[in-house]
1. Residue check: is residue 37 at pLDDT 95 or above, surrounded by 13 or more Cβ atoms within 10 Å (Cβ to Cβ) and within 15 Å of the chain's Cα centre (by Cα)?
2. From 51, 85, grab the single residue that is under 12 Å from residue 2 (Cβ atoms), open to solvent by 30 Å² or more (accessible area, probe 1.4 Å), of a type in the set (S, T, N, Q) and in a helix (DSSP H, G or I).
3. Among (1) surrounded by 14 or more Cβ atoms within 10 Å (Cβ to Cβ); (2) out of contact with any Ser or Thr (no Cβ under 9 Å at 6 or more places or on another chain); (3) at pLDDT below 95, there is one condition residue 113 misses while meeting the rest; what is its number?
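The values are calculated or read from the model by the stated rules, or taken from the named source; none is laboratory data. The shown structure was predicted, so the numbers you read here are calculated from the model rather than taken from an experiment. Neighbour counts are summed over all protein chains in view; Cβ atoms, including those assigned to glycine, are modelled from backbone coordinates with ideal geometry. Only protein heavy atoms, including side chains, enter the accessible area calculation; ligands, DNA and RNA are left aside. Shrake-Rupley method; radii C 1.70, N 1.55, O 1.52, S 1.80 Å.
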Amino acid sequence: MNAVSEAMNLGVKLGADPKVLAAIINTSSGRCWSSEVYNPVPGVLPNVPASRGYTGGFGSALMAKDLGLALDAAKTIGAPLPTGSAAFAVYQMMLAQGHAGKDFSAVYPFLGGALAPPAKSS
């Protein structure tokens, strides 16, 4: 999800239409579940959390928990997980900014600087 979000952010910021970019990715070696079935860009796919304000789906807090468990398991056997570590750090930042309840695909607007911290209730 993080890699797809980074690629989509880059393409969109360079002027690509997100639906066209997703179609290109999905007919190339970049094709994966996150790009084809659960695309993180609002409006690319209907009925996914990205098209519903990143509500529902698999929460960012759960993704951070699972990544943490994977990193702990890898540490016990001495297996390096540099990509997993980087993804975990991104989700930790999202949690620190109050996005624990957002779907894990909200990493797309987070990486693009468009996921503002939630308003504090008074």
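1. Values: at pLDDT 95 or above: yes; surrounded by 13 or more Cβ atoms within 10 Å (Cβ to Cβ): no; within 15 Å of the chain's Cα centre (by Cα): yes.
When the stated conditions are applied, residue 37 does not pass them.
2. Values: 51 fails: under 12 Å from residue 2 (Cβ atoms).
Checking each option against the conditions leaves just 85.
3. Condition (1) is where residue 113 drops out.
To keep it simple, each residue is scored yes or no on (1) exposed (fewer than 13 other Cβ atoms within 10 Å of the Cβ); (2) part of a helix (DSSP H, G or I); (3) in contact (Cβ under 8 Å) with a residue 40 or more places away in the chain.
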{"residue": "20", "(1), (2), (3)": "yes, yes, no"}
{"residue": "24", "(1), (2), (3)": "no, yes, no"}
{"residue": "28", "(1), (2), (3)": "yes, no, no"}
{"residue": "63", "(1), (2), (3)": "no, yes, yes"}
{"residue": "67", "(1), (2), (3)": "no, yes, no"}
{"residue": "70", "(1), (2), (3)": "no, yes, no"}
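Conditions (1) at pLDDT 95 or above; (2) touching a Lys or Arg at 6+ places or on another chain (Cβ under 8 Å); (3) farther than 30 Å from residue 17 by Cβ, marked per residue:
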| residue | (1), (2), (3) |
| --- | --- |
| 73 | yes, no, yes |
| 104 | yes, no, no |
| 107 | yes, no, no |
| 120 | no, no, yes |
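For every residue, the table says whether it meets (1) farther than 15 Å from residue 52 by Cα; (2) of a type in the set (A, V, I, L, M, F, W, C).
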{"residue": "79", "(1), (2)": "yes, yes"}
{"residue": "83", "(1), (2)": "yes, no"}
{"residue": "90", "(1), (2)": "yes, yes"}
{"residue": "98", "(1), (2)": "yes, no"}
{"residue": "102", "(1), (2)": "no, no"}
{"residue": "105", "(1), (2)": "no, no"}
{"residue": "108", "(1), (2)": "no, no"}
{"residue": "111", "(1), (2)": "yes, yes"}
{"residue": "117", "(1), (2)": "yes, no"}
